[in-house]
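*Asks:* For reference, the structure I am asking about is given below.
The values are calculated or read from the model by the stated rules, or taken from the named source; none is laboratory data. Owing to the predicted nature of the structure, the values given are computational and were not obtained by experimental measurement. Positions of Cβ are backbone-derived with ideal geometry, glycine not excepted, and every protein chain shown enters the neighbour counts.
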Amino acid sequence: MNVFYQIGRFEAQLFNKINFQINGKVYQATLSSFALREHFSEKGLPSKVILIYPVSLFINESAIKEISQLSENIKKKLKKILEDPGERENFLKNPFEYYKLHPHSKEADAFTVIHSIGEYSGIRFYANFEELVFEIFLDIVERYLNEPFRTLYLDISSGLNIYVSALIEAGRLFITFYKLQNFLPEKEPLRVILYFSDPIIQSQLDKTFELHIHYELEVKTFFSWPQLPDQINPENSYPEFIKTLAEEDRKTKKYLTELLAPILTNGYIFFSALKNNTPLVFYTFPYHQEEEVISAIKKLIVFLKNRLLKNFQKTPGLKMDAYRKVFLMLSLYLGIIKALKIYEIFPKSEVSLSELNSKFRDSQNTFFKHFGLISHRAYFAQELENNFYKKEINEKFTEKFKLLKEFISGENQDKDIKDRNFIAHCGFERNCVEVRKENQEIWLRYINDPEKLKKIQVILIKN
């Protein structure tokens, strides 16, 4: 499936069909996205065109007069927006109903309406660039989650610079969002393509304009967590951050806390476990299912759209940078979950040293490489050797689980888990790791003590 996004037009030449040339063949269409959709359709590739209408597009009295093929009924409706305060108020509350009248809406597969910036026919619109980017981003993500596509085409041929720039940045944010949840190699990774036509000169509409469709939008993603926890609490490590998102509104804070706190907190714990090279954590604590994280993303989109779409003259001034971080955190956690599932790493009562070797030490198959954590493998291998393979330690292991400290001479007999030792030794802190040996296989687990397990989570949140 291909999906095309293009900024909608509304000017005198609205109905004029233009000759667009793609790979040597000419297609006649009112928009370049319609021409490209026809091109792919001929190749048997299903495609959809989504138009983006800045809400101010219909606030254009000269265009209403000059578009000769526009029906009188539609002209009257649009003129009423300019002249009747009641009609204008209705329009600004729900412009979607009005944009169904746009001739291109019938030809497109779908459309969305975003806020505008500037003053048109005496009407001032208030928004900022980041909000425009986020509105487009939300629409792309929502459509992708409901009907996944393999290629996203962004048409930058039409629209004012501010909206075209917002479209490009939304595409950049979306591909980042996508990559963070797909660390493992894919046969057909999703691509974002920018395309455009030769400059279209209104006095030369009878010419043929080449459509350029080969510029791929590339972004680099890094294994880093956008927002660190603000409290060391395994139940909710983000109370202050969520308070910022809710903007002091109690009802909103309650909703966002229930929706996001468990996922963001657990997501950071698993991120920290991976960053700090502590694989035994993955076999000890349960992680969310993919469907739970996706459901949270969908609910967050609905929540944000409901807030943003209340008034199209002025945005509610949401903390877009903070919400951007939320989407990236959810996506990164989703990426870790997907990788864990593919490697068949699940919580279990005990894990063999053979499995840890296979999934984290094997140079060809190490889990770490997908996250760019190449040096983790060698360091982890060293800790396995020091704690479990040395003869003087290994030969003491019994068939019953015992704390690792019982097999290592000269160790402090303090019962507390030491933060520094936990991080320094890949999670093999001797006051919390239990070990046993059955035949030649060594089995490991963290001690089943609620206080000590909570302490491990606290260490990961702090680091």
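*Asks:* Would it be correct to say that ASP198 is touching a residue at least 60 places away in the same chain (Cβ under 8 Å), out of contact with any Gly (no Cβ under 8 Å at 6 or more places or on another chain) and acidic (Asp, Glu)? Before you say what the answer is, go through the steps one by one.
*Replies:* On the way: touching a residue at least 60 places away in the same chain (Cβ under 8 Å): no; out of contact with any Gly (no Cβ under 8 Å at 6 or more places or on another chain): yes; acidic (Asp, Glu): yes.
Answer is no for this residue.
*Asks:* Considering only residues that are buried (at least 20 other Cβ atoms within 10 Å of the Cβ) and of a type outside the set (A, V, I, L, M, F, W, C), look in region 4-24 and name the one that is farthest from ILE140 (Cα to Cα).
*Replies:* Here the residue is GLY8.
*Asks:* Could you check region 33-58 and list, in sequence order, the residues that are in contact with a helix residue (DSSP H, G or I) (Cβ under 9 Å, 6 or more places away or on another chain), free of Cβ contacts under 8 Å to residues at least 60 places away in the same chain and aromatic (Phe, Trp, Tyr)?
*Replies:* The answer is PHE58, and nothing else.
*Asks:* Something else about it: Check region 116-133 and report whether any residue there is assigned by TED's automatic domain parsing to the domain that holds SER41, modelled with pLDDT of 95 or more, closer than 16 Å to PHE174 by Cβ and of a type in the set (S, T, N, Q).
*Replies:* Scanning region 116-133 turns up no residue that is assigned by TED's automatic domain parsing to the domain that holds SER41, modelled with pLDDT of 95 or more, closer than 16 Å to PHE174 by Cβ and of a type in the set (S, T, N, Q).
*Asks:* Please enumerate the residues belonging to region 309-342 that are within 22 Å of the chain's Cα centre (by Cα) and either surrounded by fewer than 16 Cβ atoms within 10 Å (Cβ to Cβ) or part of a loop (DSSP other than H, G, I, E, B) (or both).
*Replies:* If the condition is that a residue be within 22 Å of the chain's Cα centre (by Cα) and either surrounded by fewer than 16 Cβ atoms within 10 Å (Cβ to Cβ) or part of a loop (DSSP other than H, G, I, E, B) (or both), then LEU309, GLY317, LEU318, LYS319, ASP321, ALA322, LYS341, ILE342 are the ones that fit.
*Asks:* Turning to a different aspect of this structure: Taking the options GLU131, GLU87, GLU107, name whichever one is under 30 Å from PRO189 (Cβ atoms), of a type outside the set (A, V, I, L, M), in contact with a helix residue (DSSP H, G or I) (Cβ under 9 Å, 6 or more places away or on another chain) and surrounded by 14 or more Cβ atoms within 10 Å (Cβ to Cβ).
*Replies:* Criteria check complete, one pass: GLU131.
*Asks:* Across region 430-463, what is the number of residues that are more than 21 Å from ASN266 (Cβ to Cβ), of a type in the set (D, E, K, R) and part of a loop (DSSP other than H, G, I, E, B)?
*Replies:* Residues of region 430-463 more than 21 Å from ASN266 (Cβ to Cβ): 430-431, 433-444.
With of a type in the set (D, E, K, R) added as a condition, the list becomes 430, 434, 436-438, 441.
From what is left, the residues that are part of a loop (DSSP other than H, G, I, E, B) are 430.
Looking only at that region, the number is 1.
*Asks:* Could you check, for region 410-425, whether at least one of its residues is among the basic types (Lys, Arg), surrounded by 16 or more Cβ atoms within 10 Å (Cβ to Cβ) and over 23 Å from LEU228 (Cα atoms)?
*Replies:* Looking through region 410-425, none of the residues is among the basic types (Lys, Arg), surrounded by 16 or more Cβ atoms within 10 Å (Cβ to Cβ) and over 23 Å from LEU228 (Cα atoms).
Rundown of residues vs (1) modelled with pLDDT of 95 or more; (2) closer than 25 Å to ARG143 by Cβ; (3) out of contact with any Lys or Arg (no Cβ under 6 Å at 6 or more places or on another chain), yes/no style:
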| site | (1), (2), (3) |
| --- | --- |
| PHE270 | yes, no, yes |
| GLN289 | yes, yes, yes |
| LYS298 | yes, yes, yes |
| LYS310 | no, yes, yes |
| VAL326 | yes, yes, yes |
| LYS341 | yes, yes, yes |
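*Asks:* Ok, one more. Yes or no: ARG377 out of contact with any His (no Cβ under 9 Å at 6 or more places or on another chain), buried (at least 16 other Cβ atoms within 10 Å of the Cβ) and over 20 Å from PHE271 (Cα atoms)?
*Replies:* Values: out of contact with any His (no Cβ under 9 Å at 6 or more places or on another chain): yes; buried (at least 16 other Cβ atoms within 10 Å of the Cβ): yes; over 20 Å from PHE271 (Cα atoms): no.
Judged against the criteria, ARG377 is not a match.
*Asks:* Which pairs do you get when a residue that is of a type outside the set (Lys, Arg), found in region 297-308, comes within reach of a residue that is not in a helix (DSSP H, G or I), reach meaning Cβ atoms under 9 angstrom, with the pair 6+ apart or on two chains?
*Replies:* Note: pairs meeting the criteria are LEU304/LEU318; LEU308/ILE114; LEU308/HIS115; LEU308/THR315; LEU308/PRO316; LEU308/LEU318.
*Asks:* For region 1-74, list the strands (runs of 3 or more DSSP E) that sit wholly inside it and hold at least 3 residues that are out of contact with any Lys or Arg (no Cβ under 8 Å at 6 or more places or on another chain) and more than 28 Å from PHE149 (Cα to Cα); which are they?
*Replies:* Output list is empty.
*Asks:* Taking SER157 as the residue in question, decide whether it is more than 18 Å from SER32 (Cβ to Cβ), modelled with pLDDT under 95 and of a type in the set (Ser, Thr, Tyr).
*Replies:* When the stated conditions are applied, SER157 does not pass them.
*Asks:* Which one is surrounded by the most Cβ atoms within 10 Å (Cβ to Cβ) among residues in region 350-367 that are under 17 Å from VAL433 (Cα atoms) and among the acidic types (Asp, Glu)?
*Replies:* That would be GLU355.
*Asks:* Please identify the pairs in which a residue from region 344-370 that is among the acidic types (Asp, Glu) has its Cβ atom under 7 Å from the Cβ atom of a residue that is at pLDDT 95 or above, counting only partners at least 6 apart or on another chain.
*Replies:* As it stands, the answer is GLU350/TRP443; GLU350/LEU444; GLU350/ARG445, since those pairs meet every condition given.
*Asks:* Could you tell me which numbered condition GLU290 fails, if it satisfies all but one of (1) within 16 Å of the chain's Cα centre (by Cα); (2) free of Cβ contacts under 8 Å to residues at least 24 places away in the same chain?
*Replies:* Here GLU290 clears every test but (2).
*Asks:* Quick check on region 440-449. Is at least one of its residues more than 18 Å from LEU274 (Cβ to Cβ), at pLDDT below 95, buried (at least 19 other Cβ atoms within 10 Å of the Cβ) and not acidic (Asp, Glu)?
*Replies:* Checked region 440-449: no residue is more than 18 Å from LEU274 (Cβ to Cβ), at pLDDT below 95, buried (at least 19 other Cβ atoms within 10 Å of the Cβ) and not acidic (Asp, Glu).
*Asks:* Which one of these is within 20 Å of SER33 (Cα to Cα) and surrounded by fewer than 20 Cβ atoms within 10 Å (Cβ to Cβ): GLU210, GLU188, GLU218? Break it down stepwise before answering.
*Replies:* Values: GLU188 fails: within 20 Å of SER33 (Cα to Cα); GLU218 fails: within 20 Å of SER33 (Cα to Cα).
Being within 20 Å of SER33 (Cα to Cα) and surrounded by fewer than 20 Cβ atoms within 10 Å (Cβ to Cβ) holds for just one of GLU210, GLU188, GLU218, which is GLU210.
*Asks:* In addition: Looking only at region 369-387, which residues are within 21 Å of ASN421 (Cα to Cα), assigned to a helix (DSSP H, G or I) and not small (Gly, Ala, Ser)?
*Replies:* Within region 369-387, HIS376, ARG377, TYR379, PHE380, GLN382, GLU383, LEU384, GLU385, ASN386, ASN387 qualify.
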